[in-house]
Structures are given as structure tokens and as C-alpha cells.
Amino acid sequence: MPHSTGWRGRKDERTLRESRLGEIVDGLMREKAFARGVPIGQLASDWSAVVGPRLGAESAPVSLERGVLVVAASTGPWGAQVRFLAEQIRRRANEALGEGSVVTVRVVVRPEPRKGL
């Protein structure tokens, strides 16, 4: 039966020497998979400030890739509200993340918009 040898058994340069926390974080930020999730995490934590408390309770940002912000809404009417405010959401998201981060807003409907965040 396979089992993990833990971090001590790894033959990776990150585990062979002591590292400062800042060096570890810098290394993670250089890894594309990790860095891609940072903007959406930042946007998710400030979502109510971007869209307001009521819409923030009924929607959530799901992903941000290649300038497309996908927002999940809890129902069709809330999805319509997100679509109606899409330009305002795009502007405010760009204020939070940096100009050009969000080019377009796409809406999906799912019963639990915050599930998976």
C-alpha cells in the first residue's frame, strides 16, 4: 500500500534548504497556475464593494481568464441584473484589479453562486 514519505522525503530544492517566507511567496507568484487565481480571489473578497451588498449576496465571481470575468448568479432575474450592470461591474473590477484586467463580463446561473469559492 503506497504512503507518503512527507516533506522530508522530497528531493526538491525547496525542501533541501531553509527559505524565507517572502522567497516562497515570490516563487508561488511566478508559478502561472497560482498567480492566475490571485485576481479572482481578490475580486471575490471585495465582491460586495464592487456590486453592492444585495447583488453581492446573490452573485459571485467564478473565474477571470483572458479578460473574461464569469459571474455566477443565483437565479435568472439576478443574472439579468448582473447583465444590466455588466459595464459598471467591468469598470469597478478594473479599478480593483488594474486597468484592462476585465474586458467583458459573462453571466451563468447556478443555485449556489458562492459554492467553490
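Every number in this text was worked out from the coordinates using simple rules, so none of it is lab data. Predicted model, so just to flag it, every value in this text is computed and none were measured. In this analysis, Cβ positions are derived from the backbone assuming ideal geometry, glycine residues included, and neighbour counts consider all displayed protein chains.
For Val71, the residues whose amide H sits under 5 Å from its own are Val62, Arg106, Val107, Val108, ignoring neighbours fewer than 5 places away on the same chain, with H placed 1.01 Å from N.
Length, then width, then depth: along the principal axes, the Cα atoms of the stretch 37-117 run 29, 25, 22 Å.
Phi-derived couplings, Karplus 6.51 cos²θ - 1.76 cosθ + 1.60 at θ = phi - 60°, listed residue by residue for the stretch 78-88: 5, x, 4, 5, 4, 4, 4, 9, 3, 5, 5 Hz, with x used for Gly and Pro.
Of the trypsin sites (Lys or Arg not before Pro) found in the stretch 81-117, those that fall in a DSSP loop while having at most 10 other beta-carbon atoms within 10 Å are Lys115.
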